[in-house]
Every structure is written in C-alpha cells, then in structure tokens.
Amino acid sequence: TIQDTETGLAWCKKDSFQIEQDWMNFQEALAFIDKLNKNDYLGFHDWRMAEREEIESLYSTELELMGRSNQVLNISSLFEPKCGNASWCLPFDQQAAFYFSYQSGVAQNYDQDFTQGYVRPVRLWPED
C-alpha cells in the first residue's frame, strides 16, 4: 500500500484492472471492493471506494505515471504503472456515480452502467 500522511489514507498500489484484468461498471466496482475484503486482500478487510475529495487528492500536474495504452496520468509514480486512467468514487445515486480522471483532474457524473471503468481501493491508515 501507499500511505498518504496528509490524508491518513492507505491506497492500494494496483487498481481493479491490474488485479482483475477487466473493466467494471459501478456496481461491479462495489462488488470488487467487497471481494477484496472477504479475501483479506494484502492482509486487510477494510478496503472501500474513495470519496470524491479523497481521489482528487491524488491528482497533481507535477506528477506523472504511465497508464494503460501509454497514457500519461497525473498521479504518483509510487502507484503501479499501466493502471487505468480514472476511478469510480463516491457519492452516487440510483443512476449515476462520480468517475475521476487522472488525466484531467475532473470528476464527472457517469451512468453507473458505464462498462469501461476502474476503481482504486483505499482504506484508513491506522493511528499509532
């Protein structure tokens, strides 16, 4: 994991595409997070989907990571390269959810049925 000392979060180095080798719609992304927790992924069972403000904190135009299809992403190079170019995030309603782009730094409402999505799991870093 990658510890963010400013936010108190621990981010998974890999996103859903790197773990599952497939895209996900929003409901599949939620089920993927549940699966990680049931399987104690990396020894933890408290993974969740990030809030919009949390995922936005990863973005900086000063950062570069090579994503899938050789796309330049503006997130830390501590993450595994060849990840997806965006991530589902909260909040959501019955029809749509936010989808945050690591290229533009913009979160947009996407239909939950959008099938070419990714999610980057996050958890709280335990206090000492």
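The values are calculated or read from the model by the stated rules, or taken from the named source; none is laboratory data. All figures in this text were calculated on a predicted structure; none of them were measured in a lab. Cβ: placed from backbone, ideal geometry, glycine included. Neighbour counts: every protein chain shown. To get the accessible areas, we keep the full protein, side chains included, count just its heavy atoms, and leave off ligands, DNA and RNA. Shrake-Rupley method; radii C 1.70, N 1.55, O 1.52, S 1.80 Å.
Per atom type, the chain shows carbon and sulfur on 46% of its accessible surface, probed at 1.4 Å.
Just check the chain against the gyration tensor rule for me: Cα atoms, a ≥ b ≥ c as the square roots of the eigenvalues, rounded for a/c under 1.5, and otherwise prolate or oblate depending on whether a/b exceeds b/c. Note, shape of the chain comes out rounded. Accessible area per residue for segment 66-128, computed on protein heavy atoms with a 1.4 Å probe, is 53 Å².
So if I place +1 on the C-beta of Lys and Arg and -1 on the C-beta of Asp and Glu, and nothing else carries charge, what would the dipole magnitude of the chain be about its Cα centre? I want it in debye, nearest 20.
Numbers: 10 positive and 21 negative charges, 80 e Å.
That gives the chain a dipole magnitude of about 380 debye.
Using Cα pairs under 8 angstrom and six or more residues apart, how large is the relative contact order of segment 1-46, in percent? Relative contact order, segment 1-46: 19 percent.
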